[in-house]
Amino acid sequence: MSLNPIGLAVPFFFGLMLIEVIVSWAKGREVFRLNDGISNLTCGMGDQIIGLFFKGVAFAVYTWVYSAIGLLDLSISSAWTWIVGMVGVDFFYYFYHRFSHRVNWAWATHVVHHQSEEYNLAVALRQPWFAQFFGWMFYLPMAALGLPPEVWATCYALNLLYQFWIHTRLIGRLGPMEWVMNTPSHHRVHHGTNPAYIDKNYGGILIVWDRLFGTFAQEEEEPLYGTLEPLRSWNPFWANLGPFVKIIRRARQEQTLHAKWMTWWGPPGWTAEGEVHPPFPPAGRGYDVRNIRSLGAYAVSHLLPVSIAMGLALTFEKHAPLAALIGASVYVFWSGMGWAGLYERRRWAIPLELSRLVVLAGVALLWSTGQSVVGVLLGITVMVMCVGSGLWIWTNRHALVSQAALSPGRQ
């Protein structure tokens, strides 16, 4: 049975994030905020959900190029094929990553990964939804070379998995390893908005590409994380769509075709007078709406079943019925939108979340009919959880949206 390695890694992701939180507490360091973390996770879940339905297209095109051109006969059983695959994927990832920072429409997709003002393992999972529609094109030279599609897909997944652990502030410099490998120190620079850190350290696994092509920067001072134009929202839909709305509005304001073209294809901050970046430190940092304390417990209790649904959908994507994948996808997007609304005190969030709970309870009831004792008990547990959650939301409905309590949690 062929299983998705990303799906298999989901429990390890959550386990390592929990360890990071515990270690940071023990050291007296604040590296994680629940509202920010949930926003990161919902962005990542959305990316994986879209990938369930799209990445087959990328794999099919890669396979076609491999079959039509494939210059070399690289055996999937040869260790050298896998070495070429790992190094080649990392090499072309560097150029994809650099392109995503230097072309405005591509930055509009990639900026999602940089929007968090924290730096922790949850940020590693904050992945953009639309980058997958074009990122695979950078790897087609490997198909033309003759790298088997299965090797490319596996090496690509391993490249992404490696990058998970480098998203942390709790690991310092790692000695001689820093010369060759991408490390937490190098990647902290990449996420910094400090002027010396902008557009540096694009590497995935290896940092040698940055050293070779002049985009390397050493970590000298604590980075200020986030973007030069802060998002100020926990909404995963706005996080992914907002950057494009901004480009469209700006392009409409331009008077010439050249300026309109450059608004899309020029570097971020392009103007007729040259590239202009917002001032440092960025204005508008520190978005963090205060909420009632129990909202955190509510969100965490529902994050677990959503994560389980996500992990199962990813792991068994090739074997699950289409209806099940669509259902899991709707559930994940619905959940992420509701949680974002609750954290931002949006009035529409309460009916949205209540309706989700009603549907989930109904699905649990229908599913448990005719199941084993364990299945029935599981269905009853989900229904009880939904009823209790609905009562909690209704009891706290005024406090959840009270504008009188609306205030920034930090600046």
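The values are calculated or read from the model by the stated rules, or taken from the named source; none is laboratory data. Just so it is clear, the structure is predicted and the values come from calculations on it, not from any experiment. Counting neighbours? That spans all protein chains shown, and the Cβs are built from the backbone with ideal geometry, glycine included.
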request  = Inspect all residues belonging to region 197-212 and state whether any of them is in the same structural domain as Ile76 (by TED's automatic domain parsing), in contact with a Phe, Trp or Tyr (Cβ under 6 Å, 6 or more places away or on another chain) and of a type in the set (Ser, Thr, Tyr).
outcome  = yes
note = Log entry, pairs with first residue in region 303-325 being closer than 25 Å to Thr154 by Cβ, second being of a type outside the set (Lys, Arg) and not in a helix (DSSP H, G or I), beta carbons closer than 6 Å, six or more apart or on different chains, reads Leu314/Asn4; Thr315/Leu3; Thr315/Asn4; Glu317/Asn4; Lys318/Ser2
ask   = Going by the structure shown, is Pro267 in contact with a helix residue (DSSP H, G or I) (Cβ under 6 Å, 6 or more places away or on another chain), surrounded by 13 or more Cβ atoms within 10 Å (Cβ to Cβ) and assigned to a loop (DSSP other than H, G, I, E, B)?
value = yes
Output for region 223-256, where each listed residue is over 17 Å from Trp107 (Cβ atoms) and assigned to a helix (DSSP H, G or I) = Pro236, Phe237, Arg252, Gln253
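Taking region 1-22 only, how many residues are hydrophobic (A, V, I, L, M, F, W, C) and part of a loop (DSSP other than H, G, I, E, B)? Let's see the steps before the verdict.
So in region 1-22, the residues hydrophobic (A, V, I, L, M, F, W, C) come out as 1, 3, 6, 8-10, 12-14, 16-19, 21-22.
Going one step further and asking which of them are part of a loop (DSSP other than H, G, I, E, B), we end up with 1, 3.
Count: 2.
Among the residues of region 256-266, is there at least one that is under 24 Å from Met337 (Cα atoms) and either modelled with pLDDT of 95 or more or of a type outside the set (Val, Ile, Thr) (or both)? Can you show your working first?
Looking only at region 256-266, we keep the residues that are under 24 Å from Met337 (Cα atoms), and these are none.
Scanning region 256-266, I find no residue that is under 24 Å from Met337 (Cα atoms) and either modelled with pLDDT of 95 or more or of a type outside the set (Val, Ile, Thr) (or both), so the answer is no.
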query = Residues of region 185-222 being free of Cβ contacts under 8 Å to residues at least 12 places away in the same chain and either in a loop (DSSP other than H, G, I, E, B) or surrounded by 20 or more Cβ atoms within 10 Å (Cβ to Cβ) (or both), which ones?
reply = Gly214, Glu222
key: Members of region 23-34 that are of a type outside the set (Phe, Trp, Tyr) and either part of a helix (DSSP H, G or I) or on the phi < 0 side of the Ramachandran plot (or both)   = Val23, Ser24, Ala26, Lys27, Arg29, Glu30, Val31, Arg33, Leu34
key: Residues located in region 55-94, provided they are surrounded by fewer than 15 Cβ atoms within 10 Å (Cβ to Cβ) and small (Gly, Ala, Ser)   = Gly56, Ala60, Ser67, Ala68, Ser75, Ser77, Ser78, Ala79
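Residue check: is Ile380 part of a helix (DSSP H, G or I) and buried (at least 18 other Cβ atoms within 10 Å of the Cβ)?
Numbers: part of a helix (DSSP H, G or I): yes; buried (at least 18 other Cβ atoms within 10 Å of the Cβ): no.
Taking the combined requirement at face value, the residue does not satisfy it.
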message = Which count do you get for residues in region 311-350 that are in contact with a Gly (Cβ under 8 Å, 6 or more places away or on another chain) and modelled with pLDDT under 80?
response = 7
key: Residue match in region 264-287 (condition: within 30 Å of Ser389 (Cα to Cα) and not small (Gly, Ala, Ser))   = yes
inquiry  = All but one of (1) out of contact with any Pro (no Cβ under 7 Å at 6 or more places or on another chain); (2) under 30 Å from Trp339 (Cα atoms) hold for Phe216; state the number of the condition that does not hold.
reply    = (2)
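Asn240: closer than 30 Å to Arg346 by Cα, in contact with a Cys (Cβ under 8 Å, 6 or more places away or on another chain) and in contact (Cβ under 8 Å) with a residue 60 or more places away in the chain, yes or no? Lay out the reasoning, then the answer.
On the way: closer than 30 Å to Arg346 by Cα: yes; in contact with a Cys (Cβ under 8 Å, 6 or more places away or on another chain): yes; in contact (Cβ under 8 Å) with a residue 60 or more places away in the chain: yes.
Answer is yes for this residue.
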